[in-house]
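Following: one structure in structure tokens, then a few remarks.
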Amino acid sequence: MAKFSTEALRTVALVGHGASGKTTLTEALLKAAGMIQAAGTVERGSTVCDFDPIEKQYLHSLRSAIVHLDYANTRTHLIDTPGFPDFIGQSIGALDAVETAAVVINAQTGVEMIANRMMNWAAKRKLCRLLIVNKIDAENVNLPRVLASLQEAFGKECLPINLPADGGKRVVDCFFNPAGESDFSSVEQAHRALVDQVVEVDEELMAVYLDKGEVSPEELHAPFEKALREGHLVPVCFVSARNGVGVKELLDVFVKLLPNPTEGNPPLFYKGEGEKAEEFRSVPEPKRHVLAHVFKVVNDPYVGKLGIFRIHQGTVTKDTQLYIGEERKPFKVGHLFILQGKDHVETPEAVPGDIAAVAKIDEIEFDAVLHDSHDEDHIHMRPLEFPTPMYGLAIAPKKRGDEQRISDAIHKISAEDPTFRMEHDATTHETVIRGLGDLHVRSVLDRMNTQFKVEVSTRPPRIPFRETITAKAEGHARHKKQTGGAGQFGEVYLRVEPLARGEGFQFVDAVKGGVIPNQFIPAVEKGVQQVLASGAVAGYPMQDLRVTVYDGKHHAVDSKEVAFVSAGRKAFLDALEKARPIVLEPIVTVEIICPEGNMGDITGDISGKRGQITGTNSLSPGVVTVSGLVPLSELNGYANRLKSVTGGQGSYSMELSHYEPVPPNVQAQLATEYKTSRGQQEED
Ligand SMILES: Nc1nc2c(ncn2[C@@H]2O[C@H](COP(=O)(O)OP(=O)(O)OP(=O)(O)O)[C@@H](O)[C@H]2O)c(=O)[nH]1
Ligand SMILES: [Mg+2]
């Protein structure tokens, strides 16, 4: 197998809205680079990237897939990602493995929600960005309008690097050889606009350009990379993944214009934990110590666990010993792979910029840093912000005795997917799985069924309400016990006060003069925490408050941990009674995709559910997205409701936005339910 140096590598994530054509485009690129004989189609389930049986059934990518294109002495590692909002976690993860985010735009529909989010995400993480307008062959597309809307949405730095010509039968180059006519604007003008934009990042070249009126493509290379890196230029190119127009030209853009790993912005790492962590950037040199980041983990039914990582620094071979995070013992790589969809190809070595994989190393987890020396212990990559999954279903095994197998399956699935989780509610004994939408959770249930051979029944889960306080108050308690031998003594004074929404819980030790000795402060906090977990109104965990312990008493002989735990708990309960506690409910942002004809019903329905519509958007001809803010409790059973309103054509996803107080009648009802259930428990 040919070897590629770091300079000969490119890394690109294809991101963008569902059905914009990313998987089809990957297929066209593989074909154009000579990696496959013929391009498959999503409809026939014959693509390299949508290889999973569930993907073939849904006609959507559900997971990111990795391929490589060897073309013109360059290897491009390409990640095809899902665009459906339910599976956005996979796209976010992929952005951590690449220099360039290539955002695919469907020419039929223009800028859509996920494209928008990905452009912002990529900018925030300082990735180079490329816009690819796909489906230029489709009927009723207005390409000048699409280009204008890209500039409106993402700025004047979005400039075409090629343009459709001959009625969309080919594209003309606007950068290297600007000649000929395009379908809708001047090639010469497009070329000028590009050069003007690029020279702005290089004063010397700007002077030459103003003097001579022209600069060569070679002179432009370094400033071009700089402009990409600084977000000063976002090239736009046109393709039809279906008939191949512009695909070879896109490959040339990858090879000639996209940054190699030494030309991109190196990613941010941290060494150390918490506030003491120091920032640093990896250096993409093959001779340095290894730093690789696991951005994806797959449990493959045939090869077992596969850890997929991007190498940011150093060289990995089959003989390399790698540590996983802080583990003391290394593992030997043994077999090193690069991926082509579901196929693994063994490779002798991987250098900075490579995306590679190892199989059957059980300790490898998503987001782990792999390294080859203890000098690199305690290194983490800047954390990714994944949406909080809110769409939940309570599950129970269909067959008795399946509990363990279900729990194993769910652990494997949630280890792959940071937007999927399982919770066990100790008060209701419910096991709840949570994802970003019904399609997401349904796909997990399908996978449990087909891959892990377990079946579960489902029902709507209890809502994760929270509690907080609305007033400042003071609390006091003395714990004193004198039974036979040594006694127990502890006394605590504390203050509670509300914090802003989302600030969580703070515990402050303001005790002066050692009236509560230092070693007992954790005991006081423990007592407070016990109450925090079970709430003051209706049995829900409390948040957004501060507890300050400011006074107390101890006894030289009788003070014990248990005494301060108990005094802390009682003092906190005392304060809560006066602090006007309330119940908070989760408010979620929902994105509903439905046929245009159902839009009126959907928006009316949302408004009737104490919800608020925040926007509507046309997705593709006849299909719209409706966005809104709705209390989660109002969405129980919404999947069925949407199914009946839209005749099965609708789907929705949601993520946590914030918490808000529930209306007084709901609070009263929750408090009563809680009291009744407690009463019953005591009787039992
Ligand atoms: N006319 C036309 N249709 C295309 C083109 N590219 C893709 N399609 C069609 O668009 C639909 C969606 O294509 P996919 O490749 O699955 O889109 P995707 O972006 O991977 O979708 P997700 O995986 O859901 O994010 C399919 O029916 C394709 O055949 C194109 O260039 N022209
Ligand atoms: Mg796809």
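The table for this structure:
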quantity: Alpha carbon centroid spacing (whole Å) that separates the stretch 302-327 from the stretch 467-533; calculated: 47 Å
quantity: Straight-distance crosslink candidates among aspartates and glutamates, where the alpha carbon sits under 12 Å from Lys578 and sequence neighbours closer than 8 are dropped; calculated: Glu474, Glu497
quantity: Extension gain (nm, one decimal) between Ala471 and Asp300, 0.36 nm per residue minus Cα-Cα; calculated: 56.3 nm
quantity: Point-to-point label distance, Lys360-Lys156, nm (Cα→Cβ direction, 7 Å offset); calculated: 6.0 nm
quantity: Pair Arg501, Lys287: separation of 7 Å Cα→Cβ label points (nm); calculated: 5.6 nm
quantity: Sequence of Asp80, Asp605 from largest to smallest accessible area, 1.4 Å probe; calculated: Asp605, Asp80
quantity: In nm, spacing of pseudo-spin labels at Gln530 and Ala415 (7 Å Cα→C-beta vector); calculated: 3.6 nm
quantity: Centroid-to-centroid separation of the stretch 169-199 and the stretch 632-647 [C-alpha atoms, Å]; calculated: 49 Å
quantity: Leading residue at positive end of dipole, the stretch 328-378 (Cβ point charges), from Gly341, Val369, Pro352; calculated: Gly341
quantity: Probe 1.4 Å, accessible area per residue of the chain, Å²; calculated: 44 Å²
quantity: Whole-Hz ³J(HN,Hα) from phi, Karplus 6.51 cos²θ - 1.76 cosθ + 1.60, for the stretch 191-203, glycine and proline x; calculated: 4, 4, 4, 5, 5, 3, 5, 5, 5, 4, 8, 9, 4
quantity: Residue among Phe176, Phe51, Ala396 farthest towards the positive dipole end of the chain, charges placed on Cβ; calculated: Ala396
quantity: Rounded accessible area of His424 (nearest 10 Å², 1.4 Å probe); calculated: 120 Å²
quantity: 0 to 90° range, to nearest 10: angle between helix 599-608 axis and the chain longest Cα axis; calculated: 20 degrees
quantity: Potential lengthening between Asp196 and Gln404 on full extension [0.36 nm per residue; Cα-Cα distance subtracted]; calculated: 68.5 nm
quantity: Euclidean distance between Cα centres, the stretch 54-97 to the stretch 357-436, Å; calculated: 21 Å
quantity: Carbon plus sulfur fraction of accessible area for the chain, probe 1.4 Å, in percent; calculated: 49 percent
quantity: Ranking by accessible area, most exposed first, for Val198, Val111 with a 1.4 Å probe; calculated: Val111, Val198
quantity: For the chain, size of Cβ-based charge dipole, Lys and Arg +1, Asp and Glu -1, in debye; calculated: 1920 debye
quantity: Solvent-accessible ranking of Phe520, Phe176, largest area first, probe 1.4 Å; calculated: Phe176, Phe520
quantity: With all protein chains modelled, accessible area of Cys174 [1.4 Å, Å²]; calculated: 0 Å²
quantity: Gain in span if fully extended, Ala38 to Ser185, counting 0.36 nm per residue against the direct Cα distance; calculated: 49.6 nm
quantity: Rounded FRET efficiency, nearest 0.05, which uses the C-beta distance separating Asp425 from Ala207 and R0 of 51 Å; calculated: 0.15
quantity: Helix 403-416 vs. the chain, principal-axis angle (Cα, 0 to 90°, nearest 10); calculated: 50 degrees
quantity: Cα-based reach from Lys398 at 21 Å (exclusive), listing lysines while leaving out same-chain residues under 8 positions away; calculated: Lys412, Lys453
quantity: Cross-link pairs Lys135/Lys342; Lys248/Lys287; Lys169/Lys248; Lys3/Lys256 - those with Cα-Cα distance over 22 Å; calculated: Lys135/Lys342; Lys248/Lys287
quantity: In Å², nearest 10: area of Met381 left accessible to a 1.4 Å probe; calculated: 10 Å²
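The values are calculated or read from the model by the stated rules, or taken from the named source; none is laboratory data. None of these values were measured; they are calculated from a predicted model. Positions of Cβ are backbone-derived with ideal geometry, glycine not excepted, and every protein chain shown enters the neighbour counts. For the accessible areas, the whole protein counts, side chains as well, though only heavy atoms, and no ligand, DNA or RNA atoms are used. Shrake-Rupley method; radii C 1.70, N 1.55, O 1.52, S 1.80 Å.
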